[in-house]
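Contents: one structure, followed by commentary.
Where a number appears in this text, it was derived from the coordinates with a stated rule and is not lab data. Here the structure is a predicted model, which is why all the values come from computation and not from measurement. Here the Cβ positions follow ideal geometry from the backbone for every residue, glycine too, while neighbour counts run over all protein chains shown.
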Ligand code: AMP
Ligand code: GLY
């Protein structure tokens, strides 16, 4: 079969790598892709929001399955557009992708269906939000309602900071129209875990757990980024936690969406906080995490095409989802200065060091092919993933492999997976 993947980051390279392993797949296309994906797929320079062009491309190439990796096109309704044209697509429709697209929607859903999450209020005008702050407990968390590249969350320690935050989100529109509404919620403490799952509208099967590192600098300092590295599994995601989440969170979310007439098919990514009072949902995403996908997918034993088709056809109950009994660590190589300002166009060398090395992956994110070679083309440049028998071994392997790659302004965190020493 012919498969089209929409997106062009490390996540899509990890998805493409899994798709390429399926014996059912004869050809992979990717829009827009990147220099790494181009080694296993035919890439076309079509933006992820150019729905008409994507649909026309899928028809022209007679694509059998389109996988939408990114949040923006999912929330914007790309799956609906593909289905309307008779093209099979993996991912939630627009009316279900709202689970990620609106934080106010997801909070109201959790409240209505008693799914554990932080206490909150929604606001659609700044005046009421500012009044509410006067009586709120600090610290307090402010969230722009819509998509904001993972940056629309402000944690405020003082009333002054919180008031400034409301102004920047709702009045100055720091995150654009994402800030037309906002959520103000209780600050929670605990460890964060990402649990990704396949969903077919009724049945949910969770994947192995992972943990991201969102801050730019060692010791969780600096600005929030898209993610600087991940490890899987999380040793803090115990059987007890899993049992709690199965009972109160996972199936409850799928059933809630179905009850609202918003049947969810695709990936639900549960951002969880393991608080002293038990697990709570921090956020939902309607897609694979990036870089979570870069540690979870390499450990998946199933043929990803079988699982995705089962989701589309409502037959996920027939799938026995299995993961390897090992661990993986991904360290992101970024351009120095990310997530604020950084230079692009630096030549990258050393890719050949990965050739023939089982259990090592060099996933491309912001890269571009030029006549001179592959150059940097974004903030997050590469995701270096390695497997190991356990987390410590995987971490040692991943950091060893980061040395195989060179480029000017190469930047990484040196403490990805440090938490595993505390487990
Ligand atoms: P989100 O985009 O909702 O995952 O938020 C980004 C990050 O902000 C999370 O990964 C947490 O580290 C932090 N965060 C979000 N909500 C809360 C909360 N209610 N309490 C504490 N930290 C939070
Ligand atoms: N790594 C977090 C995300 O993909 O949203």
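Cα gyration tensor of the stretch 78-125, axes a ≥ b ≥ c as square roots of the eigenvalues: rounded (a/c below 1.5), prolate (a/b > b/c) or oblate? Working shown, then result.
Working: a/c = 4.53, a/b = 2.43, b/c = 1.87.
Verdict is prolate for the stretch 78-125.
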Rounded to whole angstrom, the alpha-carbon centroid of the stretch 142-192 lies from that of the stretch 346-403 at a distance of 34 Å
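Using a/c under 1.5 as the rounded threshold, could you call the chain rounded, prolate or oblate? The axes a ≥ b ≥ c are square roots of the C-alpha gyration tensor eigenvalues, and prolate needs a/b larger than b/c, oblate otherwise.
Values: a/c = 1.38, a/b = 1.22, b/c = 1.14.
It is rounded, given that a/c, with a ≥ b ≥ c, falls under 1.5.
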Among 352, 83, 309, the residue with the largest mean-square fluctuation in a Gaussian network model of the chain built from Cα contacts under 10 Å is 352
Rounded to whole angstrom, the alpha-carbon centroid of the stretch 404-423 lies from that of the stretch 1-43 at a distance of 26 Å
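Multiply the residue gap between residue 357 and residue 242 by 0.36 nm, knock off their C-alpha separation, and tell me the result in nm, one decimal place.
On the way: separation 115, 0.36 × 115 = 41.40 nm, distance 3.35 nm.
Here the answer is 38.1 nm.
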The chain, Gaussian network, Cα under 10 Å: of 320, 306, 64, the residue fluctuating most is 320
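Counting other C-beta atoms within 10 Å, which of 197, 335 has the fewest, and how do the rest follow? Before the final figure, lay out each step's value.
On the way: 197 19, 335 24.
Least crowded to most crowded, the residues run 197, 335.
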Plugging the Cβ-Cβ distance of residue 84 and residue 124 into 1/(1 + (r/R0)^6) at R0 = 35 Å yields, to the nearest 0.05, a FRET efficiency of 0.65
Reduced to Cα centres, the span from the stretch 239-283 to the stretch 72-132 in Å works out to 15 Å
Here the FRET efficiency for residue 343 versus residue 24, based on Cβ atoms and R0 = 56 Å and rounded to 0.05, is 0.85
Eigenvalues of the alpha-carbon gyration tensor of the stretch 268-423, times 5 and square-rooted, give semi-axes in Å, largest first, of 29, 20, 18
Placing each pseudo-label 7 Å from Cα in the direction of the beta carbon, residue 180 and residue 422 end up separated by a distance in nanometres of 4.0 nm
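Over the stretch 343-410, what is the relative contact order in percent, taking alpha-carbon pairs closer than 8 angstrom and at least six residues apart? Before the final figure, lay out the partial values.
Values: 104 pairs, mean separation 24.9, N = 68.
Relative contact order, the stretch 343-410: 37 percent.
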Row for the stretch 47-111, column shape: gyration tensor on C-alpha, a ≥ b ≥ c, rounded if a/c < 1.5 i.e. under 1.5, prolate if a/b over b/c, else oblate; value prolate
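Report the extension gain between residue 369 and residue 149 in nm, rounded to one decimal, defined as 0.36 nm multiplied by the number of residues separating them, less their alpha carbon distance.
On the way: separation 220, 0.36 × 220 = 79.20 nm, distance 2.51 nm.
Extra length from residue 369 to residue 149 when fully extended: 76.7 nm.
So how do 360, 284, 132 line up by other beta-carbon neighbours within 10 Å, fewest first?
Details: 360 19, 284 24, 132 15.
Neighbour counts put them in this order, fewest first: 132, 360, 284.
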GNM of the chain, Cα pairs under 10 angstrom: of 207, 171, 300, the biggest fluctuation goes to 171
Footprinting proxy, 181, 88: sorted fewest to most Cβ within 10 Å, the residues are 88, 181
